[in-house]
Amino acid sequence: MQFNKVLENVTTYEAGKPIELVVREYGVKPESVIKLASNENPYGTSPKVTAKIQELAKNMFVYPDDSMYELKEALANKFEVESSNVIIGSGSDQILEFCVHAKCEKDSKILMAKTTFAMYEIYGKQTGATIIKTEDDQHNLEQFSKLYKEHGADVIFLCLPNNPLGECVDKDDVYAFLETIDSNTLVVVDGAYQEYASFKDEKKRIVAKDLITKFPNTIYLGTFSKAYALGGMRVGYGIAQANIIKTLYKLRAPFNITTLTLAAAIEALKDEEFVNECIAKNFEEMTRYEEYAKSKGFEYIPSYTNFITIKFADKFVSKEVAQKLLERGVIVRDLTGYGQNAIRITIGRNEQNTKVFEQLDEVLENLK
Ligand SMILES: *Cc1c(COP(=O)(O)O)cnc(C)c1O
């Protein structure tokens, strides 16, 4: 069968491995699996959110509120913008998809860092657009500028901070770059880990309202999947000028967000204290990973997120390390597919991290 030709160039996203797979293939007990490959909040969903989901479970025969009035209001309040500046998606992934499809067709151009969130390229290629990447792995805005001057771009992706490497460009540098960008280029500022970055370093903080006011050609994306501990509910949001939001809504299927999802997100927003505690613990625990890497002589990338990337240079092969850990019930992300001999580990809870170090010690010893 003949399919849309552009799909020949599209790869399928490889998600972090689920607990079920480790249980099935390696006989590890589900409760002993340590899943640190998808940057979820390891402290679990806030009890208030769980209670709300249980309360609503009996009403599942009714369609959700398709206007998403309450969640939009709650987000508009949080970000000090109007509801008309807010779009909700089934994960911020869905909004990434809308952004690309709203701007791109065959011969469009999309500019991004060499090593960044894989979905930017996948959505881009779905439209037949050309993907332009910097030479450096990490965000290098000078290279972005040079490539932009040379080729132009319909969409630019800035991942602040960047997944899977963890680095984050300073806000002032981002703004200086945005000054030079044409008003017809949509700049997507992916803030999936902004809560972490702005906690660690004020210089990294991007305030959505300020961003979209100064630069009306930008959209700020946030998600409930990471710091807000709702990866399973699939919900994210975009903040932009109303004309952009209105256009993105044209790409949306009706009822794309479930009743439970909407309610869970609203509850999660009420419990900022929980989120802040989790973020504080994240960075405490991260120092243990830094110490561990140093003690083994491995380089790591200083991270503004809830994960850390550890490089093995010529000492070990990351793919083997990740596989051996997997067999022991520890799921981490091998970055071979991103051209890195490195693993990305989500920062877990204290006791999980202790187990990770123990298992890593044994795995590395065996691979020597
Ligand atoms: C996790 C993540 C997202 C979005 O995740 P959703 O679960 O779809 O909201 C977007 N961008 C980056 C860089 C991410 O890591």
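Values quoted throughout were computed directly from the atomic coordinates according to the rules given, and no laboratory measurement underlies them. Keep in mind that what you see is a predicted model, and the values were worked out from it rather than measured. Here the Cβ is made from the backbone with ideal geometry for all residues, glycine too, and neighbour counts use every protein chain on show.
Here the 3J(HN,Hα) profile of the range 69-80, calculated from phi with Karplus coefficients 6.51, -1.76 and 1.60 at θ = phi - 60°, is 3, 5, 5, 4, 4, 4, 6, 4, 4, 4, 9, 6 Hz, Gly and Pro shown as x. Cross-link partners for residue 319 among the aspartates and glutamates, with Cα-Cα distance under 14 Å and sequence neighbours closer than 8 places in the same chain left out: 327, 334.
Cross-linked pairs 52/246; 226/355; 78/250: Cα-Cα separations exceed 28 Å for 52/246. When only alpha carbons are used to place a centre, the range 33-69 and the range 120-136 end up 32 Å from one another. Working note: Karplus 6.51/-1.76/1.60 with θ = phi - 60° gives the range 355-365 the couplings 5, 4, 4, 4, 5, 4, 3, 5, 4, 5, 4 Hz, where Gly and Pro are set to x.
In this structure, the amide hydrogen of residue 330, modeled 1.01 Å from its nitrogen in the peptide plane, lies closer than 5 angstrom to those of 34, counting only residues at least 5 positions away or on a different chain.
Each Cα pair under 8 Å and six or more residues apart adds its sequence gap; the mean of these over the residue count of the chain is a relative contact order of 23 percent. Residues whose amide H falls under 5 Å from that of residue 117, counting only those 5 or more places apart or on a different chain, are 163, with hydrogens built in the peptide plane. Once you reduce the range 203-224 and the range 307-368 to the center of their Cα atoms, the two points are 34 Å from each other. Rounded to the nearest whole Hz, the Karplus-based 3J(HN,Hα) values (6.51 cos²θ - 1.76 cosθ + 1.60, θ = phi - 60°) of the range 290-304 follow the sequence 5, 4, 4, 4, 4, 4, 9, x, 9, 7, 10, 9, x, 10, 10, with x at glycine and proline. Only helices enter the 222 nm calculation for the chain: every DSSP H run of n ≥ 4 contributes -39,500 (n - 2.57), and dividing by all residues gives -13000 deg cm²/dmol, rounded to 500.
When the chain is described by a simple charge dipole with +1 on each Lys and Arg Cβ and -1 on each Asp and Glu Cβ, the residue from 127, 112, 360 located farthest towards its positive end is 127. In this structure the amide hydrogen of residue 192, modeled in the peptide plane, comes within under 5 Å of the amide hydrogens of 160, none closer than 5 places in sequence on its chain.
Here the range 166-223 is assigned +1 on the Cβ of each Lys and Arg and -1 on the Cβ of each Asp and Glu. Its dipole about the Cα centre then comes out at about 200 debye. Counting only DSSP beta bridges with both residues in the chain, the antiparallel share comes to about 55 percent.
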